[in-house]
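Worksheet: one structure, shown below.
The values are calculated or read from the model by the stated rules, or taken from the named source; none is laboratory data. Small disclaimer: the values here were computed from a predicted structure and weren't measured. Cβ coordinates were reconstructed from backbone atoms using ideal geometry, including for glycine residues, and neighbour counts include every protein chain displayed. Note: accessible area is taken over every heavy atom of the protein model, side chains too, but ligands, DNA and RNA are not part of it. Shrake-Rupley method; radii C 1.70, N 1.55, O 1.52, S 1.80 Å.
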Amino acid sequence: FLDPVNGEIYINNKKLDKNLINWWHSKVAYIPQKVFLLDEDIYENIALKKDISQKDRDEIDSLLNKLNLFDLKPSSSALKDKVLGGEEGKRFSGGQIQRIAIARALYQKRKFIILDETLNALDNENMINVLSFLENIPGISILLIAHSDIVAKKCNRILKIKNNKVNEIKIS
């Protein structure tokens, strides 16, 4: 997201420069440990837009089910306009907020998702569920930044950064 101080970044053998940056941003989702939520309903928080079609709602409902967030889905038309969680989503757990952010990235069809300690607020059952769901989505790549052994066991490759050097410690 920032210009490198030294060196260059290449994606598919093409230099990432001002001509490719918008394309790259449309493919990437960065999900930090702390996620910002709008004081809007669940659909607007995931879609990041106001006018949401029934098809969009159905797609979001599917993501909510797969990410074990079905309890956030409005069960009646009276609840459809319920705001998500007050200011900054304070009515929800950190794990729920992190899964909402993952749903947001998947809804937006991002092909490269960076999870920066994004799973740290999840209990083990939800963490395994989310990782299993993500690994079965064709056509996306996930970069996990984590300190959890549970997360590491689900990864195809593990890279460790130590003393400014990258070492590969696992390849599946």
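Any of LYS18/LYS66; LYS34/LYS162; LYS14/LYS109; LYS14/LYS55; LYS15/LYS109 with alpha carbons more than 32 Å apart? Name them for me.
Going by Cα-Cα distance, LYS18/LYS66; LYS14/LYS55 fall outside the 32 Å limit.
Summing -39500 (n - 2.57) over the DSSP H runs of n ≥ 4 in the chain and dividing by its residue number, what mean residue ellipticity at 222 nm do you reach, to the nearest 500 deg cm²/dmol?
It lands at -9500 deg cm²/dmol.
Rounded to a whole number, what % of the accessible area of the chain do carbon and sulfur atoms account for, probe 1.4 Å?
On the chain, the fraction of accessible area on carbon and sulfur atoms equals 50 percent.
If ILE150, ILE42 are ordered by their accessible area, calculated over protein heavy atoms with a 1.4 Å probe, which sequence runs from highest to lowest?
Working: ILE150 50, ILE42 5 Å².
Most to least solvent-accessible, the answer reads ILE150, ILE42.
Just subtract the alpha-carbon distance of TYR30 and GLN54 from 0.36 nm times their residue separation and send over the number in nm, one decimal.
That works out to 5.9 nm of additional length.
Between ASP39 and HIS147, what's the calculated FRET efficiency when r is the beta-carbon distance and R0 is 30 Å? Round to 0.05.
0.45
Modelled label-to-label distance, ASN6 and ARG91, 7 Å Cα→beta-carbon offset: nm?
In this crude spin-label approximation the distance works out to 5.1 nm.
Considering only protein heavy atoms, what is the solvent-accessible area of SER93 at a probe of 1.4 Å, reported in Å² to the nearest 10?
About 60 Å², rounded to the nearest 10.
Using only C-alpha atoms and all pairs of different ones, pull out the Kirkwood radius for the chain in Å with one decimal.
Answer for the chain: a Kirkwood hydrodynamic radius of 17.6 Å.
Need one word for the stretch 103-151: rounded, prolate or oblate. Basis is the Cα gyration tensor (sqrt eigenvalues a ≥ b ≥ c); a/c below 1.5 gives rounded, then a/b vs b/c decides.
Prolate shape, in that a/c is at least 1.5 and a/b is the bigger ratio.
Sticking with the crude label model, points 7 Å out along Cα→Cβ, report the distance from ASN163 to LEU20 in nm, one decimal please.
The two pseudo-label positions are separated by 3.2 nm.
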